[in-house]
Amino acid sequence: MTLLHVEGITKQFGGLRAVDNASLSVPPGTITGLIGPNGAGKTTLFGVISGFIPPTAGRIVYNGADITAHPPHRRARSGIARTFQIVQPFAGLSVVENIAVGAYLRHAKRADATRVASDIAHRVGLGAMLHQPASALTVAGRKRLELARALATAPRLLLLDEVLAGLNPSEIRDIIPIIQAIRAEGVTILMIEHVMQAVMNLCEHVYVLSQGRMIAEGTPQAICTDEQVIEAYLGHGAAGQMQAHA
Amino acid sequence: MYTPAIVAEAMVNGLLTGAVYALVALGLTLVYGVLHIINFAHGALLTCAMFAVWAASELLGINVYLAIPPLALIFLALGYALQRFVIGPASRGDDANTLLVTLGLSIAIENALLAAFKSDTRTLSGDAAFDVVELGPMLLSRPRLIGFAVALVVALLLWALLRRTDSGKAIRAVAREKMGASLMGIDVRHIYALTFGIGCACLAVAAGLLLPTFYVTPRVGQAFVLVAFTIVVLGGMGSVAGALLGGLLIGVVESLGGLLLGESLGQAGIFVIFILVLLLRPTGLFGARA
Amino acid sequence: MKISSVIAMAAVLLALVGVALFGPNTAINFLVTALIVALAAQGWNLLGGYCGQFSFGHAAFFGTGAYVTAILQSRYGVNAWIGCGCGILAGAAIGTLIGWLSFRAGLRGSYFALITLAFAEVLRIAANAAPITGGGTGLLLKLDMRAANFQFASRGTFCLIVLACVLAVLALTTWIARTKRGAEFAAVRENEDAARALGIDVLVTKLRAMALSGAITAAAGCLYTQYFLYLDSNIAYGSWISVESLLAVIVGGIATPAGPIIGALALHALGEATRLLAGRITGIDLVLFGLILVAATAFAPKGLAGLWNAAQSRRSPRA
């Protein structure tokens, strides 16, 4: 049983093959990681899964249905929420208004949407900033806002694109339990992450993308010792050198 | 019936007009390409330039073509000041603000001209409009031939300026990557203003080339600016070569349209082409970058 | 809302009603024109202010409303009230059509402003050439002052009707801003990608704003027709109404419910004052309007409403 099934996705930008026949599966109730060096095509693949980028080939199956042709807003309505690596706040709106936009997806009434938004703001640690303009938030605050807005849509599948990037270690320590709590409520999570400490702590299963191809998958522990993965990150021959030193 | 000679003459006339259109469009596309703003005051500034040419010729008695170089310099300075001290500071780099500021300027300039000159139609005295050259079976207007030649030379000069001079290189650097250029020590505000000034100088030249065979009223710029917008969109926003080709193309289309459909429908035709181009090929016919 | 703002609004309302009931004809004429512009501007504000799509061609809606009601009455003998209803629907329809064409083609920002301008101009040229609109000579409605005919012997009565329309749209705007639809408008204005990711159909949201905006501005056109009983293509589809509806919003306060009303009244008062001081020089009031647009953008991006609020919060710093 899988909630999300990515089947042989290829995305060609002119002469560049950003994603090359990549496949992955996300079982419900898990946290799955997607890692890989810079420029590997992770964010492009996220764009394809969330419907912002049409794939050149391949299909996306969500909850048993082929959603490859569905526009982003339809995927959001069917329970796929995403955050953006480059945060996209509604800069002119307040924090609670930002989150309420997401909450309106499941709650038609203003009072309900605002209440849900305010609850979620408290959960992600934005409770003290409800009525501040989103543009006044720090980087960490904006990351939390991205997360809060996506949560407000009451998703079944949450796509997190580097929510920890740019945060300092104490900020990362604060967010990890929030993500664990989200999973504990039954939300399935697929996350792109560079912070290996977080990947090791959070993910049951990890996929590794390099130069558009899926080169490895497994438990975080297995991935860390995989020769191909080490070479993808550190360059050709690196795995051998590490073993020689060990 | 339309004999081949009549059609050929209409086409050549279209090319002649089209070159001057291209010059108007060139100013617009240059400003768009570098500043990434649509200058709604372009038409009003053209009207302003045409009144300046008219005044130089009729009130000061200067030959139109001799008036062009000093007027081009004056408009270069005017455009520079306008961008540096009005449009730039007032819009603070925000697209919506730029739209509003240039719209406000266009309203103010146009109506100031209306208040000063009334809505009368003015032409240059003398019979330049009837000065024709025989070319094979065709009778072509001499001022329009001159206009064609000068417009092409100016376009070439502009191209050379952008390619060969330091200022041109700085302009292209800013157009490509504003932040990078600014880190390399290029004064972006100066380049913006300079580009805007060059756009206005193009208008002054175009005004001088238009007036011998055209008229000026306080609202004349509106008609031209929509043609210019059409050309700019057709040629790909920001593309100098695109503006030139687009201008020639629109000139021919308008001339043939006028021949086949009559003048009044020709005017609506330009708008319809404009709408169609925007809806179908917003990146331009010549596949310029979006 | 602060007490002082409520008092200020009540005072303005009382003054407007007073002018409508007891004012001289010139004052009522002034008020009717200003309020019609305010109504057109309220339409602009919904699309441009709340949904972030700047139109330079709201004349397309104003003129369509005006012409539809005028043609239905003068050529087909349709009742004036029904004619106005049709005019408003026609405004919504043309708004949806222009929106559908432009937004499907992916036009945004300056491109959208340009294409709305072009649509309005095409309609103006067409109205100037077509026989059904009376071409260049225009359309004259038969004078028949009966309430059943949407014509009133007393100008004051008509003025109150226009005022009622403006207040109704004010209430509608205030209400929409507090609903899910209002949140969708704001989300689309602020960031289309983020809106999409949160399940908002951006195209449908923009079309809703276009239809509503078109209907409201068309209503202003209908009222214009009923009051002046004459139309030509330069009145109906002329750029004056596109500019004034935009200008009133920017001057009064963009994306504020009362902004268009404040702006329209302030601009028209200023226009009258200029004419008194500078005499009847054509265009001089518009020179001033243009410069005000530049100045408002530069120094008061939230318009008069923003200046008022700023002044209020300065007086009571922790309110």
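Would you check if A:Thr83 is under 11 Å from A:Leu151 (Cα atoms), polar (S, T, N, Q), touching a residue at least 12 places away in the same chain (Cβ under 8 Å) and more than 7 Å from chain C (Cβ to nearest Cβ)? Judged against the criteria, A:Thr83 is a match. Only one of the numbered conditions (1) over 21 Å from A:Tyr62 (Cβ atoms); (2) at pLDDT 90 or above; (3) within 15 Å of the chain's Cα centre (by Cα) is violated by A:Ala150, and that is (1).
Within region A:135-146, work out how many residues are aliphatic (A, V, I, L, M), closer than 10 Å to A:Val87 by Cβ and in a helix (DSSP H, G or I). Final tally of qualifying residues: 2.
Screening B:Val252 with (1) modelled with pLDDT of 80 or more; (2) under 22 Å from C:Ile98 (Cα atoms) gives one miss only, at (2).
Return a yes/no flag: does region A:39-58 have any residue that is part of a strand (DSSP E or B) and either modelled with pLDDT of 90 or more or within 25 Å of C:Ala195 (Cβ to Cβ) (or both). Scanning region A:39-58, I find at least one residue that is part of a strand (DSSP E or B) and either modelled with pLDDT of 90 or more or within 25 Å of C:Ala195 (Cβ to Cβ) (or both), so the answer is yes. Among the residues making up region A:164-203, a single one is in contact with a helix residue (DSSP H, G or I) (Cβ under 7 Å, 6 or more places away or on another chain), hydrophobic (A, V, I, L, M, F, W, C), touching a residue at least 60 places away in the same chain (Cβ under 8 Å) and assigned to a loop (DSSP other than H, G, I, E, B): A:Cys203. As a summary of the residue check, C:Thr173 satisfies the conditions (1) more than 9 Å from every other protein chain (Cβ to nearest Cβ); (2) touching a residue at least 12 places away in the same chain (Cβ under 8 Å); (3) over 14 Å from the mean Cα position of the chain (by Cα) except for the one numbered (3). Just so you know, in region A:53-80 the residues that are touching a Lys or Arg at 6+ places or on another chain (Cβ under 9 Å) and facing chain C (nearest Cβ under 7 Å) include one that is surrounded by the most Cβ atoms within 10 Å (Cβ to Cβ), and it is A:Ala76.
Yes/no per residue for (1) away from chain B (no Cβ under 14 Å); (2) assigned to a helix (DSSP H, G or I):
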{"residue": "C:Val68", "(1), (2)": "yes, yes"}
{"residue": "C:Cys86", "(1), (2)": "yes, yes"}
{"residue": "C:Ala90", "(1), (2)": "yes, yes"}
{"residue": "C:Leu97", "(1), (2)": "no, yes"}
{"residue": "C:Leu107", "(1), (2)": "no, no"}
{"residue": "C:Tyr111", "(1), (2)": "no, yes"}
{"residue": "C:Ala126", "(1), (2)": "no, yes"}
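The number of residues in region C:227-245 that are farther than 24 Å from C:Pro131 by Cβ and more than 14 Å from the chain's Cα centre (by Cα) comes to 1. For region A:66-80, the set of residues classified as in contact (Cβ under 8 Å) with a residue 12 or more places away in the chain and part of a strand (DSSP E or B) consists of A:Ile80 only.
Do we find a residue being within 26 Å of A:Gln197 (Cβ to Cβ) and within 14 Å of chain C (Cβ to nearest Cβ) anywhere in region A:23-44? For region A:23-44, residues within 26 Å of A:Gln197 (Cβ to Cβ) and within 14 Å of chain C (Cβ to nearest Cβ): present. Within region C:186-209, if we keep just the residues that are more than 7 Å from chain A (Cβ to nearest Cβ) and of a type in the set (D, E, K, R), the residue that is nearest to A:Arg74 (Cα to Cα) turns out to be C:Glu192. Residue-level analysis places A:Ala113 among those that are small (Gly, Ala, Ser), more than 30 Å from A:Arg17 (Cβ to Cβ), within 14 Å of chain C (Cβ to nearest Cβ) and surrounded by 16 or more Cβ atoms within 10 Å (Cβ to Cβ). Check C:Ala147 against each of (1) over 30 Å from B:Leu234 (Cα atoms); (2) at pLDDT 85 or above and name the one condition it does not meet. Checking C:Ala147 against (1) over 30 Å from B:Leu234 (Cα atoms); (2) at pLDDT 85 or above, the one that fails is (2).
Of everything in region B:206-264 that is of a type in the set (Ser, Thr, Tyr) and over 17 Å from B:Ala149 (Cα atoms), the residue that is surrounded by the most Cβ atoms within 10 Å (Cβ to Cβ) is B:Thr230. Taking region C:298-319 as the range and being part of a helix (DSSP H, G or I) and either modelled with pLDDT of 80 or more or of a type outside the set (Gly, Ala, Ser) (or both) as the test, the residues that pass are C:Ala298, C:Phe299, C:Leu304, C:Leu307, C:Trp308, C:Asn309, C:Gln312, C:Arg314, C:Arg315.
The values are calculated or read from the model by the stated rules, or taken from the named source; none is laboratory data. Predicted model only: the values in this text are computed from it and were never measured. Positions of Cβ are generated from backbone atoms using ideal geometry, with glycine treated the same way; all protein chains shown enter the neighbour counts.
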